[in-house]
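Working notes, structure below.
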Amino acid sequence: IRMMTQGNQDMHHHAPSLDVTVVVPLLDEEDSLVELAGGIAEAMESLSYEVVFVDDGSRDGSWAVIESLHQANPQTIKGIRFTRNYGKSAALQKGFEASRGAVVFTMDADLQDNPKELPEMRQQLLDNNLDLVSGWKKKRHDPLSKTIPTKLYNWATRRVSGIQLNDFNCGLKCYRWHVVKAIEVQGEMHRYIPMLSKMAGFARIGEKVVEHRARPYGQSKFGLNRFTNGLLDLLTVGFIARFGRKPMHFFGLLGLLMFVVSTGLFLGIGGYKLWALSQGVEAKNLASLSWFYVALTGMILGAQFFLSGFLAEMISRNDPNRTNYRVSKRLD
């Protein structure tokens, strides 16, 4: 899998040069950015750090605020701006690629995450030799239209992943540098970064109860489409986790079983026809037997599933344009 190979290559050629990187994906959050940057600065007072703001196609003045923050503190504030809205996963991916901190945080820009949590999460990560620490918003300040789907989502993700976290979707997370360099986030996969981490071999995952504050500015970007897309991506990640490296074990086995059973049925029908002819017994024309069509269809589908598995085994996930998100401006 390219995401792991590329990540391992990065680890060999580069090393983190700062204590902490804070990656902040955002969409139309101009009112909160100055306050957020100030809160992070207070929390990171004794550490070398950077904040990477990734503007995911904002239509308000968010990028102007990021430029102003960068001009005031170019060593600490970095910015990446997409030409259009690609989604949170794309923003995190670009933020991870730009990260230079030995410990990498992700947090939302809406001020619902408290920057004061960062030092304790970092300490928990280091003291317990963990790969990832996920925040748990145990007491939430969200409407039922968001909390109920979130509970269902967390239950389903625990069942599929085997990772016992209470809040997979919490934006406040803490990683070791080599974890974010070894994973690839796309679609709505940002919800499943603990699963991606586990798939990449980084399964030491902890959790910390964090403060969840009410949103002071703007409106939530949560919608039903994000929930349904998240469930579809959960099925994708679950399938990749189990069969991503061995698709033949799924498609090939399914195709082989269908083909064998259908061939047996087909041979049985043919044998019955031959026996009837040898005995002089009147037998129905094969084309008039519904089971004949069932057997024929099963043989064709079985062969197709088998060939799909064979081709999937031969095709590597090595598309160079996979994370080629167009960036219009960048502040380094």
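Worth pointing out:
- The HN-Hα couplings worked out from phi for segment 161-178 by the Karplus form 6.51 cos²θ - 1.76 cosθ + 1.60 (θ = phi - 60°) are 8, x, 9, 8, 10, 8, 9, 5, 8, 5, x, 8, 9, 10, 10, 6, 4, 5 Hz, whole numbers, x standing for Gly and Pro.
- Pairwise FRET efficiency - Asn85 versus Leu47, Cβ, R0 = 35 Å, nearest 0.05: 0.65
- Highest mean packing first, where packing is the average number of other Cβ atoms within 10 Å per residue, the peptides 176-186, 37-47 line up as 176-186, 37-47.
Bear in mind these aren't lab numbers, they're just calculated from the coordinates by the rules spelled out. These numbers come from a predicted model, not from an experiment. As a convention, Cβ positions derive from the backbone with ideal geometry for all residues, glycine included, and neighbour counts pool all protein chains shown.
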